[in-house]
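Only one structure is covered here, and it is reproduced in the block below.
The values are calculated or read from the model by the stated rules, or taken from the named source; none is laboratory data. Just so we're clear, the structure is a prediction, and the values are computed from it rather than from any experiment. Glycine gets a Cβ as well: all are built from the backbone with ideal geometry, and neighbour counts include every protein chain shown.
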Amino acid sequence: MRHEGEIAVQRRAGVRRAGELGSARTRPEIPAVAGDFLGAQRMLVVGAADASGRVWASALTGPAGFARPYGERTVVVDALPGPHDPLAGVLGAEGEHDLGTLAIEPATRRRMRLNGRARRDGDRLVIHTEQVYSNCPKYIQTRAIAEDPPPAYGAAGTLTGEALTGGQRAWIGRADTFFVATSAAGLGADVSHRGGSPGFVRVTGDRRLVWPDYQGNSMYMTLGNLELDERCGLLFLDWEDGGALHLTGRARVDWDPGDVPGAERLVEFDVDEVVQIAGAVPLRWTFGDYSRHNPPAEGVADLLPARG
């Protein structure tokens, strides 16, 4: 698949093989090793656009095997977004939808993306894959699932708004991981992982985030989508209590990273809407260690631009 957004970003980044990486390197079939990995996971991060075109990222969870392949190009997921989830009206509706999917196993720093078209089938999702590929382990902090939820588990409350509260700004400021969903017309949806040392995401005011974009595998699938459509969604998880902070808005790339350690460029994100759900994810995680690839975040708040 030729993706003009990815090619433009790759050329600007100086990639010699622009057009040969990114979507062009993916395959629609699910290899056996990928199917085995998928079947062992207990959480998937998903991304899609809602009816208004706003893009959201969310998480689906279940016991090992709740997501599994059927044949070479079909994945069945025994889960749907909860009623307060911003993707409930999308993935719970009839018809097919572009869906980005990330299977990530923090304990082993392994991750795999499966993008395609999804439809609801009763209480489950059926995904027809169009892009399947693995990612490197860079910037993933190790975490292990600590315990299963108590019998009375359930979302405890929802807070919505058009700007970040003080508590939400503090949450983002101490995060070492988040997920970003993007979409481009005719090219599908995608969701990817972003990690770094705590403090690598700066909050400037109540509606602006800035984070450094570190060296990756030159696929530029996230930035390629943003080149064509700046709408995107972010997901921050509270790994200890299951809270989920969903943001949707618009992102732009600043190709001058200044003196930010490890940054090849910066991404500036403006918030359009916020949905915070307490107890959204039943899994609880214990922290292991930080990725050795994380650049230092000390002083990043002073180096990142405070525009907006």
Count of region 264-297 residues which are out of contact with any Leu (no Cβ under 9 Å at 6 or more places or on another chain), small (Gly, Ala, Ser) and farther than 22 Å from Ala107 by Cα: 1
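Any chance region 212-223 includes a residue that's farther than 24 Å from Arg109 by Cα, in contact (Cβ under 8 Å) with a residue 40 or more places away in the chain and buried (at least 17 other Cβ atoms within 10 Å of the Cβ)?
Kept after step one, since they are farther than 24 Å from Arg109 by Cα, are these residues of region 212-223: none.
No, because not a single residue in region 212-223 is farther than 24 Å from Arg109 by Cα, in contact (Cβ under 8 Å) with a residue 40 or more places away in the chain and buried (at least 17 other Cβ atoms within 10 Å of the Cβ).
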Filter result (touching a helix residue (DSSP H, G or I) at 6+ places or on another chain (Cβ under 8 Å) and at pLDDT 95 or above) within region 23-49: Ile30, Val46, Ala48, Ala49
For Val55: the one exception among (1) farther than 26 Å from Asp85 by Cβ; (2) surrounded by 15 or more Cβ atoms within 10 Å (Cβ to Cβ); (3) out of contact with any helix residue (DSSP H, G or I) (no Cβ under 6 Å at 6 or more places or on another chain); (4) not small (Gly, Ala, Ser): (1)
Subset of region 155-178 (residues that are over 17 Å from Asp270 (Cα atoms), of a type in the set (D, E, K, R) and surrounded by 12 or more Cβ atoms within 10 Å (Cβ to Cβ)): Asp176
Boolean, Asp78 is touching a helix residue (DSSP H, G or I) at 6+ places or on another chain (Cβ under 9 Å) and either under 21 Å from Leu237 (Cβ atoms) or modelled with pLDDT under 95 (or both): no
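Which one is surrounded by the fewest Cβ atoms within 10 Å (Cβ to Cβ) among residues in region 279-298 that are small (Gly, Ala, Ser) and at pLDDT below 95? Before the answer, list the steps.
From region 279-298, those small (Gly, Ala, Ser) are 279-280, 288, 291, 297; that's our starting set.
Okay, now just the ones that are also at pLDDT below 95, so 279-280, 297.
Values: Gly279: 17, Ala280: 27, Ala297: 20.
Applying the filter and picking the extreme gives Gly279.
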Count of region 47-70 residues which are over 12 Å from Leu99 (Cα atoms), in a loop (DSSP other than H, G, I, E, B) and touching a residue at least 40 places away in the same chain (Cβ under 8 Å): 2
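Can you tell me which residue among Glu6, Glu20 is crowded, with 21+ Cβ neighbours inside 10 Å, under 19 Å from Met219 (Cα atoms) and at pLDDT below 95?
Working: Glu20 fails: crowded, with 21+ Cβ neighbours inside 10 Å.
Step by step, each of Glu6, Glu20 is checked, and only Glu6 is crowded, with 21+ Cβ neighbours inside 10 Å, under 19 Å from Met219 (Cα atoms) and at pLDDT below 95.
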Single match in Ala263, Ala301, Ala244 (criterion: more than 23 Å from Ala59 (Cα to Cα) and either among the basic types (Lys, Arg) or modelled with pLDDT of 95 or more (or both)): Ala263
Residue, farthest from Val253 (Cα to Cα), within region 8-22, restricted to residues that are free of Cβ contacts under 8 Å to residues at least 40 places away in the same chain and not basic (Lys, Arg): Glu20
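Determine whether region 76-83 contains at least one residue that is touching a strand residue (DSSP E or B) at 6+ places or on another chain (Cβ under 6 Å) and not in a loop (DSSP other than H, G, I, E, B).
Looking for residues that are touching a strand residue (DSSP E or B) at 6+ places or on another chain (Cβ under 6 Å) and not in a loop (DSSP other than H, G, I, E, B), one finds at least one in region 76-83, hence yes.
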Selection count where residues are among the aromatic types (Phe, Trp, Tyr), out of contact with any helix residue (DSSP H, G or I) (no Cβ under 7 Å at 6 or more places or on another chain) and on the phi > 0 side of the Ramachandran plot, scope region 216-248: 0
